[in-house]
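The values are calculated or read from the model by the stated rules, or taken from the named source; none is laboratory data. Since the model is a prediction, treat every value here as computed from it, not as a measurement. Backbone-built Cβ (ideal geometry, glycine too); neighbour counts: all protein chains shown. To get the accessible areas, we keep the full protein, side chains included, count just its heavy atoms, and leave off ligands, DNA and RNA. Shrake-Rupley method; radii C 1.70, N 1.55, O 1.52, S 1.80 Å.
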Amino acid sequence: MTLRGQNIYLRALEPEDLEFIYTIENDESVWEVSHTQTPYSRFLIRQYLENAHQDIYEAKQLRLAICKSKTAETIGLIDLFDFDPQNSRAGIGILIHQVQDRHKGVGAEALQLLMDYAFTHLQLHQLYANIAEDNQPSLQLFTKFGFRKIGVKKQWNKIGSQFKDEVLFQIINDK
């Protein structure tokens, strides 16, 4: 199966993911990463999940749950966003929610699975990621997978009262 790795698998969102997504979307500690500024209601998330079945060509995004293979526990989300079939590219983002699940190779495995899917099944030419300059784990992860820094967006995001730079990474599928 394309979206199944050794320790995790990626799956489409289900109505049962409501509480998990509600928790993530309302966790202010990750708002900086997700560019969220206001809380989401269960009603809005339920509506989103009702439309999550849309094809990536229709919705211009694909959000998948990251689940542990042994327990089926959902531990994160990985997205393709700003899908542009004309130019054969998309943005990619990942979030492992709980700190205890980070730094265990889960993000790397999820990223590899989605990159393979994007390049093989969607036949994308390139992927890009926007990463805060101080998000060292993400900078290292994307660099490890061959993404190259192609620019810095100066003072791009306002976090609290400070502006932070955002680094733009890109990988081109030369196959």
(request) Might you let me know whether the stretch 13-28 holds any residue that is part of a loop (DSSP other than H, G, I, E, B) and either in contact with a strand residue (DSSP E or B) (Cβ under 7 Å, 6 or more places away or on another chain) or free of Cβ contacts under 8 Å to residues at least 12 places away in the same chain (or both)? (result) yes
(message) Every residue in the stretch 41-58 that is loosely packed, with under 15 Cβ neighbours inside 10 Å and either small (Gly, Ala, Ser) or part of a loop (DSSP other than H, G, I, E, B) (or both), please.
(response) SER41, ASN51, HIS53, GLN54, ASP55
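Quick grid of which residues meet (1) surrounded by 18 or more Cβ atoms within 10 Å (Cβ to Cβ); (2) among the aliphatic types (A, V, I, L, M):
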position	(1), (2)
VAL99	no, yes
GLY107	yes, no
ALA110	yes, yes
MET115	yes, yes
ASN135	no, no
GLY146	no, no
GLN155	no, no
LYS158	no, no
LYS175	no, no
(request) Among the candidates LEU80, LEU124, single out the residue that is open to solvent by less than 30 Å² (accessible area, probe 1.4 Å), over 23 Å from LEU49 (Cα atoms) and at pLDDT 95 or above. (result) LEU124
(message) So for the stretch 25-45 (the condition being touching a helix residue (DSSP H, G or I) at 6+ places or on another chain (Cβ under 8 Å) and more than 30 Å from LYS158 (Cα to Cα)), does at least one residue qualify?
(response) no
(request) For ALA118, state whether it is out of contact with any Gly (no Cβ under 8 Å at 6 or more places or on another chain) and at pLDDT 95 or above. (result) yes
